[in-house]
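Below: the structure, in structure tokens.
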Amino acid sequence: MMKRLIFASDLDQTLIYSYRSFIKNHPVGDSISPIEWYEDRYISYITQESIRKLQKLSGELLFVPVTTRTKLQYERVDFLNHGIAFDYAITSNGGKIFYRGSEDQEWRQTVWEARRHCLEAEDLIAKFEELRHPSWVHPDSGKMADDLFYYCIIERERIPLAELAAFKLWAKDNNWELSIQGRKLYLVPQNVSKKAAVQYIKAKEGMDYVAAAGDSLLDLDMLKDADFPVAPAHGELYSLNLQNAAGLERIRFTQKNGIRAGEEILDYVTSLIS
């Protein structure tokens with residue numbers, strides 16, 4: 001049995017799913033449970049089978065939820081009342097680590113020192129403002145999250161692709177990464193990463209191996225660094241895989257897509273310790 005294993009998993013579109021993302025193929029029924037409540041309604045769901053698998057896994061390895069969400073957004077996901085236990089959580093795309101609900105201050109200091117190598121956020125946003133337009137960026141959207149990264153709401157089909165590609169290269173030269181997930185565009189400092197946060201926990205806990213799951217470009221470095229990387233058959237990474245993009249060779253992609261892909265990911269992780 002692999003006893004010293006971390007399972008670091010992205011949440012949205014990996015383990016939990018919005019109503020819009022799965023309802024066409026997987027209508028809400030007895031096999032699907034709500035897991036996130038916001039503004040008087042449920043907005044995210046998980047299969048009951050995934051809940052059962054996570055309940056078991058969380059007692060056999062070090063389960064670490066990893067998300068681009070802020071802490072407040074992450075806390076809406078109700079794992080604890082579903083019997084899913086864990087000590088660590090990574091939020092803000094790796095910018096914050098929480099241990100039993102309290103922020104890890106050593107990691108906080110490490111992140112802020114690393115930010116010195118990135119272009120100031122104000123200058124980055126000013127450059128982005130030259131490109132954004134109400135035709136594809138929602139006028140009232142755009143904010144810094146936890147003073148770490150920027151995001152806004154977009155209409156993907158209206159993106160000026162050439163101009164945004166040029167901006168993405170410019171941002172990368174200034175140590176920021178651009179990623180699009182669903183209807184959100186993210187600008188994240190390169191030194192604020194899920195990979196680095198998972199490495200920190202691995203070293204701190206003296207763990208031997210990492211299994212990692214995720215669906216987006218913001219998860220890619222974490223997956224590349226993991227001993228056992230797995231991704232669902234949807235999302236940015238899967239689209240790149242269909243294009244035979246380099247750098248994805250070690251990643252195991254599920255056969256299922258949508259909300260059932262989460263079950264397949266958990267089956268794979270279970271196989272590692274059984």
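The values are calculated or read from the model by the stated rules, or taken from the named source; none is laboratory data. As the structure is a computational prediction, the values presented were derived from the model and not from experiment. Cβ sites come from the backbone with ideal geometry, for glycine too, and all protein chains shown count toward neighbours. Just the protein is used for accessible areas: all its heavy atoms, side chains included, with ligands, DNA and RNA removed. Shrake-Rupley method; radii C 1.70, N 1.55, O 1.52, S 1.80 Å.
Below is a table of values for the structure above.
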| item | result |
| --- | --- |
| Region 30-68: number of residues that are out of contact with any Leu (no Cβ under 7 Å at 6 or more places or on another chain) and farther than 17 Å from SER271 by Cα | 20 |
| Residues satisfying the stated conditions in region 204-253, i.e. free of Cβ contacts under 8 Å to residues at least 60 places away in the same chain, closer than 14 Å to TYR268 by Cβ and surrounded by fewer than 18 Cβ atoms within 10 Å (Cβ to Cβ) | ASP227, ARG250, ARG252 |
| Test: residue in region 261-268 that is open to solvent by 60 Å² or more (accessible area, probe 1.4 Å) and in the same structural domain as SER31 (by the TED database) | yes |
| Contacts under 6 angstrom Cβ, first residue in region 44-72 being under 20 Å from GLY182 (Cα atoms), partner of a type in the set (Asp, Glu), 6 or more apart | SER44/GLU36; VAL66/ASP10; THR70/ASP146 |
| Total residues in region 137-164, condition more than 23 Å from the chain's Cα centre (by Cα), assigned to a loop (DSSP other than H, G, I, E, B) and over 27 Å from LEU72 (Cβ atoms) | 1 |
| Every residue from region 171-210 that is under 30 Å from ARG4 (Cα atoms), part of a strand (DSSP E or B) and in contact with a Leu (Cβ under 6 Å, 6 or more places away or on another chain) | TYR209 |
| Residue within region 67-78 that is touching a helix residue (DSSP H, G or I) at 6+ places or on another chain (Cβ under 7 Å) and at pLDDT 95 or above present | yes |
| Positions within region 73-87 being touching a residue at least 40 places away in the same chain (Cβ under 8 Å) and either open to solvent by 30 Å² or more (accessible area, probe 1.4 Å) or not assigned by the TED database to the domain that holds ASP40 (or both), in sequence order | ARG76, ASP78, HIS82 |
| Restricting region 88-114 to residues that are charged (D, E, K, R) and buried (at least 17 other Cβ atoms within 10 Å of the Cβ), the residue that is farthest from ASN174 (Cα to Cα) | ASP104 |
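For (1) touching an Asp or Glu at 6+ places or on another chain (Cβ under 7 Å); (2) without any contact (Cβ under 8 Å) to a residue 40 or more places away in the chain; (3) crowded, with 19+ Cβ neighbours inside 10 Å; (4) not aromatic (Phe, Trp, Tyr), each residue gets a yes or a no:
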residue: LEU119; (1), (2), (3), (4): no, no, no, yes
residue: GLU122; (1), (2), (3), (4): no, yes, no, yes
residue: LYS127; (1), (2), (3), (4): no, no, no, yes
residue: TRP136; (1), (2), (3), (4): yes, yes, no, no
residue: PRO160; (1), (2), (3), (4): no, yes, no, yes
residue: ASP173; (1), (2), (3), (4): no, yes, no, yes
residue: ILE180; (1), (2), (3), (4): no, no, no, yes
residue: LYS184; (1), (2), (3), (4): no, yes, no, yes
residue: PRO189; (1), (2), (3), (4): no, no, yes, yes
